[in-house]
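Please read the structure below before turning to the comments.
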Amino acid sequence: MDNFSCTVIFFCLTLLLLLITTGYTHIVIFFIIQQHIMSNKKSAPNKSVDEIVTDKVIALIEEKQELVWQKCWQCAGISPKNFVSKKPYRGINYFLATMFAPDSEYFMTFNQINDQNKNEKAQKGIELVKPLYKERKQLDKTTPEYEALTARIIKIKDEYNVAYLVEGSSGLPIVYANKRYYKIVDGKRKTVKTEEESDGYWYMTRYSNVFSQHDIMNVDFPKTEVVEMTEKQKNAKCEATIKALQEFKGLKLQFGGDVASYSPSLDRVQMPEMKHFESSEAYYGVMFHELIHWTGHNTRLDRFEATGTQFGSKSYSKEELVAELGSGILAAEHQISTEALQENSAAYLKNWL
């Protein structure tokens, strides 16, 4: 993986427009702009948050024939969230959760899992298995004795309702940013604690590992309630999103012709009429692709390079990846993701990689 691919993918993921309708007439629009990590460390073993996330995403896109995040959440009212805070993941974290754990609604950090054991019964179970872990550490993992001791440990944990991770579980990086203030002293930036004494600020990117509910034992997760939407309801949800962008964000739409495009100079999306598409899903899939391009205007995310985007160039490839990744997530959010859309999007993304 070259540096350009790494930069492109992380840029794409962090500038996705995630539109979530709340009710029939309201929309919440999240513009996620990820700041670069300010670090002078160039040690090869220490990967940045950008690289950690990007490596995972590129590997999955190159490995899979479909887009996992489109395929999973096709039921209304479901979004991945932290089990303790109940806060839904947004932006890149929404993408990561649905991409790497498509059948999970709830996630927890390692510490949050351990916090479930702050009761007398669970603590007793933990004390009982401690010597067994020490004993198992001396055994070869391939032996029957190791397997028997592992089964005994699990039995005790289950008996005492100890919350624990399934062995071999891998964490998912959830990205967040801490706001840091600085003051210019002798021409150099010096970190300060408060905004009042600062000359400006930046965001320090961090991540924490979370685990999906299917890798966590003895935690009582609520049953996921799903509601399958009809085609009419799906179309209405798509139209509500488009209408909200027109009313609240000044989206300009023009219909006609046989070409779908976005013009930065006119700041306008051009779309053929729905009757020219094979299905309503195909129509809205293309519409969302162009709407993601629309977010790049200099009055919004200011994503386009001043030199323009020539077909086949790095800047063009970068923007097409942004648009197709964003379109894929919007299609999943609006439950219009079909097998044909998934295959087309996966092939499209691989082409620009």
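What to note about this one:
- Verdict on residue 201 being assigned to a strand (DSSP E or B) and at pLDDT 90 or above: no
- Residues that are among the charged types (D, E, K, R) and either modelled with pLDDT of 90 or more or over 22 Å from residue 241 (Cα atoms) (or both) within segment 282-302 comprise 290, 300, listed in sequence order.
- Taken as a whole, the structure places residue 225 among residues that are closer than 30 Å to residue 107 by Cβ, outside any strand (DSSP E or B), modelled with pLDDT under 90 and out of contact with any strand residue (DSSP E or B) (no Cβ under 8 Å at 6 or more places or on another chain).
- The conditions of being at pLDDT 95 or above and of a type in the set (Phe, Trp, Tyr) are met by residue 83.
- Odd one out for residue 198 among (1) closer than 20 Å to residue 80 by Cβ; (2) surrounded by 13 or more Cβ atoms within 10 Å (Cβ to Cβ): (1)
- Scanning segment 228-280 for residues that are touching a strand residue (DSSP E or B) at 6+ places or on another chain (Cβ under 6 Å), in a helix (DSSP H, G or I) and of a type in the set (A, V, I, L, M) turns up 240, 244.
- Pairs meeting the criteria (first residue in segment 80-100 and free of Cβ contacts under 8 Å to residues at least 24 places away in the same chain, second residue buried (at least 23 other Cβ atoms within 10 Å of the Cβ) and part of a loop (DSSP other than H, G, I, E, B), beta carbons under 8 Å, at least 6 apart or on different chains) are 88/80.
Rundown of residues vs (1) without any contact (Cβ under 8 Å) to a residue 24 or more places away in the chain; (2) exposed (fewer than 13 other Cβ atoms within 10 Å of the Cβ); (3) assigned to a helix (DSSP H, G or I), yes/no style:
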site	(1), (2), (3)
108	no, no, no
121	no, yes, yes
129	no, no, yes
141	yes, yes, no
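The values are calculated or read from the model by the stated rules, or taken from the named source; none is laboratory data. As the structure is a computational prediction, the values presented were derived from the model and not from experiment. No Cβ is skipped: glycine too gets one built from the backbone with ideal geometry, and neighbour counts run over all protein chains shown.
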